[in-house]
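Here is the structure we will look at, set down as structure tokens.
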Amino acid sequence: MTHTPEDLAGAVLSINLVALQENWRTLQRHAAPAECGAAVKGNAYGLGIAPVARALWEAGCRSFFVARPKEGEELRAILPTATIYVLDGLFPGQAEFYAKLKLCPALISLEEAREWAAFGRVYGRRLACALHVDTGINRLGFSQPEFEALLSDRQTMDGLEISLLMSHLACADEPAHPMNACQRDAFAAIRARLPGVPASLANSSGVFLGSGFTQDLVRPGIALYGGNPTPAAPNPMQAVAVLEGAVLQIRDVRPGETVGYSATWTATRTSRVAVLGAGYKDGVPRALSSRQSDGPAHVFIAGQRCPVIGRISMDMMAIDVTNLPQESVTRGTRAEILGRHIGIDEAAGWAGTISYELLTRLGSRYARLYRGLESDVSV
Ligand SMILES: *Cc1c(COP(=O)(O)O)cnc(C)c1O
């Protein structure tokens, strides 16, 4: 017998790096002639920065976006020559850290721009950066008056090597939302103030809003990892993360008996219940517990969808397999909790959240398998 992590961990998270690369190529095709970058912040949305970044580099991706300088440091060790933008901007007093690692801060204020330019002067050269201008989301970025103030601050402007002008869309996943056109037009006016500087506006959904949105560089995140960037239409992306739990025990439950903590599910017929070794410690949202409205959550097992019943516990969850042929589910049978049949957007919807939160909250107890790339990628 083998004793692999898969055999011993109970639940398995497989990350399909070939699907990830296919997703990047799909996005690159949609965005062309713009360049397709990748948002890999948050440990590549929970899927693992090192294998994800290597696979994307191998597919041809050259521009990467992280949130924090610490994430930039980790990514620099993996990809020595990639362009790395730090979306949270320049942290106070940390310019030298960015410069040594060749991290480009996405500057968000005049104060940051002055600090970066002043440091460049001490360092002996103009250092690359992006300028992040707010066009309506009111999260990070120069306000438009502050952007004008920067343009007229010659000393600061002379000290900056501006490699990208960027802004972020608030409502890209709702193509008909009027904010999209407003932001695009506001961004066009900003671009006109800095001619010749490459520009970036689109996240995953922005890639599908059309040519006015793709600009020179797009920055998809969730779509690379299998999330649907076009929520009103079928998902053009492939599933990347597959989470499976194994059956620990199967039991017969008589009508009137209940399953799980707080007895929230009651059998209305003689039922067969399979208990899976995956729970909220593994990242299965407790909100998937037997739902009162809009029908139950499901898992995919033995070729069919089966409802989740009772409460999700820390280490396990129960499903109703009464409708499956008796012999099709036995001790050790794997059930897909997330993957090709149970999409991350669908599961997130059942849990009252979004695919981003679902992925970034995946646990660490199960075995993690990276599938699809045979050898280390040289960079
Ligand atoms: C996270 C992020 C992205 C990627 O967004 P997705 O919706 O995951 O494609 C792009 N740009 C900025 C500024 C971000 O913060």
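The values are calculated or read from the model by the stated rules, or taken from the named source; none is laboratory data. None of these values were measured; they are calculated from a predicted model. Positions of Cβ are generated from backbone atoms using ideal geometry, with glycine treated the same way; all protein chains shown enter the neighbour counts. Surface areas here come from the heavy atoms of the whole protein model, side chains and all, with no ligands, DNA or RNA. Shrake-Rupley method; radii C 1.70, N 1.55, O 1.52, S 1.80 Å.
Matching residues to (1) within 16 Å of the ligand (Cβ to nearest atom); (2) open to solvent by 20 Å² or more (accessible area, probe 1.4 Å); (3) part of a loop (DSSP other than H, G, I, E, B); (4) farther than 24 Å from Arg361 by Cβ:
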position: Tyr85; (1), (2), (3), (4): yes, no, no, yes
position: Ala113; (1), (2), (3), (4): no, no, no, yes
position: Trp116; (1), (2), (3), (4): no, no, no, yes
position: Arg125; (1), (2), (3), (4): no, yes, yes, yes
What's the number of the only condition in (1) within 13 Å of the ligand (Cβ to nearest atom); (2) out of contact with any helix residue (DSSP H, G or I) (no Cβ under 9 Å at 6 or more places or on another chain) that Gly226 fails to meet? (2)
Conditions: (1) out of contact with any helix residue (DSSP H, G or I) (no Cβ under 6 Å at 6 or more places or on another chain); (2) over 20 Å from Ala32 (Cβ atoms); (3) part of a loop (DSSP other than H, G, I, E, B). Ala181 meets all but one. Number of the miss? (3)
Which residue out of Cys129, Cys171, Cys182 is within 21 Å of Val40 (Cα to Cα) and touching a Ser or Thr at 6+ places or on another chain (Cβ under 8 Å)? Cys129
Within the range 338-353, identify whether any single residue is closer than 16 Å to Gly245 by Cα, in contact with a strand residue (DSSP E or B) (Cβ under 6 Å, 6 or more places away or on another chain) and surrounded by fewer than 19 Cβ atoms within 10 Å (Cβ to Cβ), and answer yes or no. yes
Residue ID - surrounded by the fewest Cβ atoms within 10 Å (Cβ to Cβ), chosen from residues in the range 236-250 that are away from the ligand (no atom under 14 Å from the Cβ) and part of a loop (DSSP other than H, G, I, E, B): Gln238
Scanning the range 172-220 for residues that are within 13 Å of the ligand (Cβ to nearest atom), under 21 Å from Glu146 (Cβ atoms) and surrounded by fewer than 17 Cβ atoms within 10 Å (Cβ to Cβ) gives none
